[in-house]
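One structure is given below, encoded as structure tokens.
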Amino acid sequence: MKPQDIIREKSSLWIFGYGSLVWKPDFAYRRSKVGHIKGYKRRFWHGDDFYRGDKEKPGRVVTLVEDEDACTWGVAYEVTGSQVEESLRYLNVREVEGGGYVTAMVEFIPREKGQGALSALVYIAASDNPIYLGPAPDREIAAQIAICRGSTGHNAEYLVRLADFMRLCCPEVQDEHLFSRSPCCWRLCEEAGVDGGK
């Protein structure tokens, strides 16, 4: 799905973020809502050789993996008018050209009571992406996160900020994949003398 196809005849659009977009969208938007999508689980299975790692040591960032029993929490941003084209142009560089993500439309369910489901655009890294890393043992993923750094900072900071978002905005949600890595990663960072942003 190309940006020009998404924006055709659209005066507004919701964009769902489940990784760095939850704390750093870096585009103008009208409003935002915390909520979730169903049918996907969040996993640290995608490589990052620019923002949170480099060519020699790619970091690990999250993508979505289809799972009919799962749900993923994050933030949806509503962009309107000229924001639609501007945000998609920016995200095309950040997520598609720089990260190898592709787009899909999903049903977003806001956390607020009485709010109906919304159709939202999401960016997903496919397994055939050249920098897709796939699954690995917990300690191996944590060790990789603990030693990698890219142009926007340490890979551990990415993990910590995502964990902080979940604790602050979705405290009742159990995200085992995310939180099982946090203590291990922090311990490895401490052993290496690295400040992971905790």
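Take the stretch 117-132 and flag every residue that is farther than 15 Å from Y40 by Cα, part of a loop (DSSP other than H, G, I, E, B) and open to solvent by less than 50 Å² (accessible area, probe 1.4 Å).
N129, I131
Of all residues in the stretch 133-180, count the ones that are touching a strand residue (DSSP E or B) at 6+ places or on another chain (Cβ under 7 Å) and open to solvent by 50 Å² or more (accessible area, probe 1.4 Å).
2
Which one of these does G99 not meet: (1) in contact with a strand residue (DSSP E or B) (Cβ under 6 Å, 6 or more places away or on another chain); (2) touching a residue at least 24 places away in the same chain (Cβ under 8 Å)?
Status for G99: all satisfied but (1).
Report, by residue number, each residue of the stretch 84-97 that is open to solvent by 50 Å² or more (accessible area, probe 1.4 Å) and of a type in the set (D, E).
E85, E86, E97
For V102, state whether it is among the β-branched types (V, I, T), within 17 Å of the chain's Cα centre (by Cα) and either over 21 Å from L159 (Cα atoms) or surrounded by 20 or more Cβ atoms within 10 Å (Cβ to Cβ) (or both). First the steps, then the outcome.
Details: among the β-branched types (V, I, T): yes; within 17 Å of the chain's Cα centre (by Cα): yes; either over 21 Å from L159 (Cα atoms) or surrounded by 20 or more Cβ atoms within 10 Å (Cβ to Cβ) (or both): yes.
Against the criterion (among the β-branched types (V, I, T), within 17 Å of the chain's Cα centre (by Cα) and either over 21 Å from L159 (Cα atoms) or surrounded by 20 or more Cβ atoms within 10 Å (Cβ to Cβ) (or both)), V102 qualifies.
Give the residue that is least open to solvent (accessible area, probe 1.4 Å), with candidates limited to residues of the stretch 32-69 that are aromatic (F, W, Y) and within 12 Å of the chain's Cα centre (by Cα). Walk me through how you get there before you give the answer.
Filtering the stretch 32-69 down to residues aromatic (F, W, Y) leaves 40, 44-45, 50-51.
With the extra rule that they be within 12 Å of the chain's Cα centre (by Cα), the set shrinks to 44-45.
On the way: F44: 2, W45: 46 Å².
Applying the filter and picking the extreme gives F44.
Residues G81, G114: which one is surrounded by fewer than 21 Cβ atoms within 10 Å (Cβ to Cβ), touching a residue at least 12 places away in the same chain (Cβ under 8 Å), of a type in the set (G, A, S) and over 28 Å from A156 (Cβ atoms)? Outline the logic, then answer.
Working: G114 fails: touching a residue at least 12 places away in the same chain (Cβ under 8 Å).
None of the other options fit; the residue is G81.
The values are calculated or read from the model by the stated rules, or taken from the named source; none is laboratory data. Everything numeric here is computed off the predicted structure, so don't read it as measured data. FYI the Cβ positions are ideal-geometry reconstructions off the backbone, even for glycines, and counts take in every protein chain you see. Just the protein is used for accessible areas: all its heavy atoms, side chains included, with ligands, DNA and RNA removed. Shrake-Rupley method; radii C 1.70, N 1.55, O 1.52, S 1.80 Å.
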